[in-house]
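**Student:** Below are the structure tokens for one structure; questions will follow.
The values are calculated or read from the model by the stated rules, or taken from the named source; none is laboratory data. Quick caveat, the model's predicted, so the values are computed rather than measured. We place every Cβ from the backbone using ideal geometry, glycine too, and count neighbours over all the protein chains shown. What goes into the accessible areas is simple: the full protein's heavy atoms, side chains included, and nothing from ligands, DNA or RNA. Shrake-Rupley method; radii C 1.70, N 1.55, O 1.52, S 1.80 Å.
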Amino acid sequence: MFENLSDRLSATVKKLKGQARLTDDNIKESMREVRMALLEADVALPVVKKFVDSVKERAIGQEVLTSLSPGQALVKIVNDELVEIMGQANESLDLKAQPPAVVLMAGLQGAGKTTTAGKLAKLLQEREKKSVAMVSCDVYRPAAIKQLQTLAGQVDATFIESEVGQSPVDIAKDALDYAKKNHIDVLLVDTAGRLHIDADMMDEIQQVHAAVSPVETLFVVDAMTGQDAANTAKAFGDALPLTGVVLTKADGDARGGAALSVREITGKPIKFIGMGEKIDELEPFHPERMASRILGMGDVLTLVEEAQRKVDHKDAKKLAKKLNKGKGFDLEDLRAQMMQMKKMGGMGGMMDKLPGMGKMTEAMQDGAGDKEVDRMVAIINSMTVQERRFPAVIKGSRKKRIAAGAGLQIQDVNRLLKQHKQMSKMMKKFKGGGLKKMMRGMQGKMPPGMGGGGFPGM
């Protein structure tokens, strides 16, 4: 998401390189480019107008700090305005109500409501330590109830049964009674998707809402629908007291218009964003982090949080201890590191969050980096325990057997062994405080955008 917008903004800032300060003329020219970039990203016209006017107003006549170039000054203003338009800070779910706190899911058919309910259940259980029950009021889509039951099983949430013949209002009331009796913290109520804004269906969801008085009414919307997402959210907001929006499929070919338009048009905060199909790929939406990603400056905070949650800290400590004692970094260690990386969203997911890696992320959109990781893991899996621990024994006939076992070529095995050798050399530097020395040596050698503020390459 946002690749095109990031590229256009980056190009706009580069044009300011070499200019002494921001002037009326170069601001006007830059704003024309920014306006085009936002319209291409399918941001709603009123939002584009307000955004451009605000940036222009702040940039014209502003005292540019001596430490900032005009390009960096503009980046700071654009960054601040992006944060402003997307809602300042993350707004979490308000679950302080007397249990069960009811969360109602609303949205059009195909937006990903049911899947999002499963993802939200997992997130609430793991990060908020809440007990969660789920119920489906979708009596129109034959597989909807079964789908929610399957998801509840995957995330270990309580599934409250419902049937196609029941009325959605009765289902919701019965589920609330069940949740009260069983001391459930959060009840997630999944409703039927609407193909469009339909009066009868709207009336039904209003009745369900009245029956369970949810503390949160979340509108789930497909990010790929661009500014239409904001308009649909507004229509739902007129019918229901929405408390927030969940953007789904933001990892797809989304230009970013929804993320930049929803808050401004509906007045409702984006509370979560779905960045993939996996059950753990739902993240709280942080406007300041999203602004940083739009400007090609990465999202290191989210990456650190993911590492804290998903990395096996026991394994990491064990490896550090092993390296510190001067023991070698073998192929089993390499495989473990690659598996950890996959847990964190693979190469593309990690690069997307690192500053200055925008172009590299684009190159990995087709999953080339992850396919390479899969190949490497397959080769290591094809080895004996002895070969993994003592790679030096892998010669001609062994290479042939390993390649055949992984369904690959001998040159693939050679490439892996070469990469392992290079990594092994680097890992030796960890011994006896070598890591600190290595990090000091790397300073000033970072890729553009990794060390300083502003755009990559500035």
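**Student:** Considering only residues of segment 79-97 that are open to solvent by 10 Å² or more (accessible area, probe 1.4 Å) and assigned to a helix (DSSP H, G or I), which is nearest to residue 9 (Cα to Cα)?
**Tutor:** So the residue we want is 79.
**Student:** Just for segment 385-414: of the residues that are within 13 Å of residue 330 (Cα to Cα) and in a loop (DSSP other than H, G, I, E, B), which one is modelled with the highest pLDDT?
**Tutor:** Applying the first criterion (within 13 Å of residue 330 (Cα to Cα)) to segment 385-414 yields 385-394.
Narrowing the set further to residues that are in a loop (DSSP other than H, G, I, E, B) leaves 390, 394.
Working: 390: 88, 394: 91.
Result: 394.
**Student:** Yes or no: residue 124 farther than 16 Å from residue 205 by Cα, of a type in the set (A, V, I, L, M), in contact with a Lys or Arg (Cβ under 8 Å, 6 or more places away or on another chain) and touching a residue at least 24 places away in the same chain (Cβ under 8 Å)?
**Tutor:** Details: farther than 16 Å from residue 205 by Cα: yes; of a type in the set (A, V, I, L, M): yes; in contact with a Lys or Arg (Cβ under 8 Å, 6 or more places away or on another chain): yes; touching a residue at least 24 places away in the same chain (Cβ under 8 Å): yes.
It is true that residue 124 is farther than 16 Å from residue 205 by Cα, of a type in the set (A, V, I, L, M), in contact with a Lys or Arg (Cβ under 8 Å, 6 or more places away or on another chain) and touching a residue at least 24 places away in the same chain (Cβ under 8 Å).
**Student:** While we're on this one: So, in segment 144-183, how many residues would count as being more than 21 Å from residue 95 (Cβ to Cβ), open to solvent by less than 60 Å² (accessible area, probe 1.4 Å) and among the small types (Gly, Ala, Ser)?
**Tutor:** Residues that pass the stated criteria total 4.
**Student:** Take segment 418-430 and flag every residue that is open to solvent by 30 Å² or more (accessible area, probe 1.4 Å) and part of a helix (DSSP H, G or I).
**Tutor:** In the first step, residues of segment 418-430 are kept if they are open to solvent by 30 Å² or more (accessible area, probe 1.4 Å); the result is 418-419, 421-423, 425-426, 428-430.
Of everything in segment 418-430, those that are open to solvent by 30 Å² or more (accessible area, probe 1.4 Å) and part of a helix (DSSP H, G or I) turn out to be 418, 419, 421, 422, 423, 425, 426, 428.
**Student:** Just to verify a result, which residue in segment 190-230, among those that are among the hydroxyl-bearing types (Ser, Thr, Tyr) and at pLDDT 90 or above, is farthest from residue 169 (Cα to Cα)?
**Tutor:** Restricting attention to segment 190-230, the residues satisfying the condition of being among the hydroxyl-bearing types (Ser, Thr, Tyr) are 191, 213, 217, 225.
Subsequent filtering for residues that are at pLDDT 90 or above retains 191, 213, 217.
Values: 191: 10, 213: 12, 217: 16 Å.
Only one residue fits best here, namely 217.
**Student:** While we're looking at this one, here's another question. So residue 334 ticks every box in (1) open to solvent by 50 Å² or more (accessible area, probe 1.4 Å); (2) part of a helix (DSSP H, G or I); (3) at pLDDT below 90 but one. Which box is left unticked?
**Tutor:** Exception for residue 334: condition (1).
**Student:** Separate question: With the structure loaded, tell me whether residue 238 is within 28 Å of residue 100 (Cα to Cα), among the charged types (D, E, K, R) and not in a loop (DSSP other than H, G, I, E, B) or whether it fails that test.
**Tutor:** Values: within 28 Å of residue 100 (Cα to Cα): yes; among the charged types (D, E, K, R): yes; not in a loop (DSSP other than H, G, I, E, B): yes.
Yes: the conditions hold for residue 238.
**Student:** Select from segment 98-108 the residues that are more than 15 Å from residue 135 (Cβ to Cβ) and open to solvent by less than 10 Å² (accessible area, probe 1.4 Å) and list them in ascending order.
**Tutor:** As a first pass, look at segment 98-108 and keep what is more than 15 Å from residue 135 (Cβ to Cβ): 98-99, 107-108.
The one that is more than 15 Å from residue 135 (Cβ to Cβ) and open to solvent by less than 10 Å² (accessible area, probe 1.4 Å): 107.
**Student:** Being among the acidic types (Asp, Glu) and touching a residue at least 60 places away in the same chain (Cβ under 8 Å) is the filter here; which residues of segment 28-53 pass it?
**Tutor:** Kept after step one, since they are among the acidic types (Asp, Glu), are these residues of segment 28-53: 29, 33, 40, 42, 53.
Of everything in segment 28-53, those that are among the acidic types (Asp, Glu) and touching a residue at least 60 places away in the same chain (Cβ under 8 Å) turn out to be 40, 42.
**Student:** Just checking, which of 187, 151 is within 31 Å of the chain's Cα centre (by Cα), within 18 Å of residue 121 (Cα to Cα) and assigned to a strand (DSSP E or B)?
**Tutor:** Numbers: 151 fails: assigned to a strand (DSSP E or B).
Result: 187 is the single residue among 187, 151 that is within 31 Å of the chain's Cα centre (by Cα), within 18 Å of residue 121 (Cα to Cα) and assigned to a strand (DSSP E or B).
**Student:** Looking at residue 189, is it in contact with a Leu (Cβ under 8 Å, 6 or more places away or on another chain) and not small (Gly, Ala, Ser)?
**Tutor:** Working: in contact with a Leu (Cβ under 8 Å, 6 or more places away or on another chain): yes; not small (Gly, Ala, Ser): yes.
So residue 189 passes the test.
**Student:** Restricting to segment 129-143, name every residue that is charged (D, E, K, R), open to solvent by 40 Å² or more (accessible area, probe 1.4 Å) and either assigned to a strand (DSSP E or B) or in contact (Cβ under 8 Å) with a residue 40 or more places away in the chain (or both). Before you say what the answer is, go through the steps one by one.
**Tutor:** So the first thing to find is which residues in segment 129-143 are charged (D, E, K, R), and the list is 129-130, 138, 141.
Within this subset, residues satisfying the condition of being open to solvent by 40 Å² or more (accessible area, probe 1.4 Å) are 129-130, 141.
Those that are charged (D, E, K, R), open to solvent by 40 Å² or more (accessible area, probe 1.4 Å) and either assigned to a strand (DSSP E or B) or in contact (Cβ under 8 Å) with a residue 40 or more places away in the chain (or both): 130, 141.
**Student:** Can you find even one residue in segment 267-287 that is aliphatic (A, V, I, L, M) and under 19 Å from residue 84 (Cα atoms)? Before you say what the answer is, go through the steps one by one.
**Tutor:** If we filter segment 267-287 for residues that are aliphatic (A, V, I, L, M), which is where we start, we get 270, 273, 275, 279, 282.
Next cut, under 19 Å from residue 84 (Cα atoms) only: 270, 273.
Yes: segment 267-287 contains one or more residues that are aliphatic (A, V, I, L, M) and under 19 Å from residue 84 (Cα atoms).
**Student:** Would you be able to say whether some residue in segment 264-279 is farther than 19 Å from residue 123 by Cα, at pLDDT below 60, in a loop (DSSP other than H, G, I, E, B) and not aliphatic (A, V, I, L, M)? Show your work before the answer.
**Tutor:** Going through segment 264-279, the residues farther than 19 Å from residue 123 by Cα turn out to be 264-268.
Okay, now just the ones that are also at pLDDT below 60, so none.
No - not one qualifying residue is present in segment 264-279.
**Student:** Select from segment 35-50 the residues that are under 24 Å from the mean Cα position of the chain (by Cα) and farther than 10 Å from residue 261 by Cα and write down the one among them that is surrounded by the most Cβ atoms within 10 Å (Cβ to Cβ).
**Tutor:** By that ranking, first place goes to 41.
**Student:** I'm trying to understand the selection: among the residues of segment 190-211, which are part of a helix (DSSP H, G or I), open to solvent by 10 Å² or more (accessible area, probe 1.4 Å) and of a type in the set (A, V, I, L, M)? Reasoning before the result, please.
**Tutor:** In the first step, residues of segment 190-211 are kept if they are part of a helix (DSSP H, G or I); the result is 199-211.
In the following step, the residues that additionally are open to solvent by 10 Å² or more (accessible area, probe 1.4 Å) were identified as 199-204, 206-207, 209-211.
199, 201, 202, 210, 211, listed by residue number.
**Student:** Next question, about the same structure. How many residues are in contact (Cβ under 8 Å) with a residue 40 or more places away in the chain, under 19 Å from residue 212 (Cβ atoms) and of a type in the set (Val, Ile, Thr) if we restrict to segment 144-172?
**Tutor:** Going residue by residue through segment 144-172, those that are in contact (Cβ under 8 Å) with a residue 40 or more places away in the chain are 144, 148, 151, 154-155, 168-169, 172.
The next check asks that each one be under 19 Å from residue 212 (Cβ atoms); those that pass are 144, 148, 168-169, 172.
With of a type in the set (Val, Ile, Thr) added as a condition, the list becomes 169.
Of the residues in segment 144-172, 1 are in contact (Cβ under 8 Å) with a residue 40 or more places away in the chain, under 19 Å from residue 212 (Cβ atoms) and of a type in the set (Val, Ile, Thr).
**Student:** Further question: Checking the structure you have, find out if any residue of segment 63-70 is assigned to a helix (DSSP H, G or I), modelled with pLDDT under 70, surrounded by 13 or more Cβ atoms within 10 Å (Cβ to Cβ) and of a type outside the set (Asp, Glu). Reasoning before the result, please.
**Tutor:** At the first step, the residues of segment 63-70 found to be assigned to a helix (DSSP H, G or I) are 70.
In the following step, the residues that additionally are modelled with pLDDT under 70 were identified as 70.
With the extra rule that they be surrounded by 13 or more Cβ atoms within 10 Å (Cβ to Cβ), the set shrinks to 70.
Subset that is of a type outside the set (Asp, Glu): 70.
Yes, segment 63-70 contains a residue that is assigned to a helix (DSSP H, G or I), modelled with pLDDT under 70, surrounded by 13 or more Cβ atoms within 10 Å (Cβ to Cβ) and of a type outside the set (Asp, Glu).
**Student:** Cβ-Cβ below 7 Å, separation at least six or inter-chain, first residue in segment 90-103 and more than 18 Å from residue 211 (Cβ to Cβ), second aliphatic (A, V, I, L, M) and open to solvent by less than 50 Å² (accessible area, probe 1.4 Å): which pairs?
**Tutor:** 93/103; 94/215; 95/101; 95/186; 95/215
**Student:** Given the criteria buried (at least 22 other Cβ atoms within 10 Å of the Cβ), in contact with a Leu (Cβ under 7 Å, 6 or more places away or on another chain) and closer than 22 Å to residue 94 by Cβ, does residue 223 qualify? Steps first, answer last, please.
**Tutor:** On the way: buried (at least 22 other Cβ atoms within 10 Å of the Cβ): yes; in contact with a Leu (Cβ under 7 Å, 6 or more places away or on another chain): yes; closer than 22 Å to residue 94 by Cβ: no.
When the stated conditions are applied, residue 223 does not pass them.
**Student:** Another question, if that's okay. Do we have residue 111 as among the aliphatic types (A, V, I, L, M), exposed (fewer than 13 other Cβ atoms within 10 Å of the Cβ) and either modelled with pLDDT under 95 or within 19 Å of the chain's Cα centre (by Cα) (or both) here?
**Tutor:** Numbers: among the aliphatic types (A, V, I, L, M): yes; exposed (fewer than 13 other Cβ atoms within 10 Å of the Cβ): no; either modelled with pLDDT under 95 or within 19 Å of the chain's Cα centre (by Cα) (or both): yes.
No: the conditions fail for residue 111.
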